[in-house]
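The values are calculated or read from the model by the stated rules, or taken from the named source; none is laboratory data. The model shown is predicted, which means the values in this text are computed figures rather than measured ones. Accessible surface areas use protein heavy atoms only, side chains included; no ligands, DNA or RNA. Shrake-Rupley method; radii C 1.70, N 1.55, O 1.52, S 1.80 Å.
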Amino acid sequence: MPGPVRVLRRPRALRGHRGAAGSAVAAGASGAAGASSGAGAAAAGPISLNSATAAQLDTLPGVGPVLAQHIIDFRTQHGGFTSVDQLQEVNGIGDRRFADLRPLVQP
């Protein structure tokens, strides 16, 4: 008799977030990751830390709903971001995550 069935979750990179190469993956894609049409997030430019919604921040690599809320809370408490470097002061963003996010955001 076979053992219990385990359900495996798809990696975050394949669940509507940016892939490892920074290309946008369609939120509704099933199966293998879809190709970017060229008009996706890369063409839109960096995300503004001062005006992005939680959903927009959640599209960044390594940023989920909790970290997106931390970024918004920091923005609210400090009157906005004047520099991308201030992202390092947000709870949950260390050196490695900051290095991944830096080219994808602007104040």
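Under a 5 Å amide H to amide H cut-off, with H placed in plane at 1.01 Å, what residues pair with Ile47 once short-range neighbours are removed?
Val105, Gln106
Just reorder Val84, Val66 by solvent-accessible area, largest first, 1.4 Å probe, all chains present.
Result, largest first: Val66, Val84.
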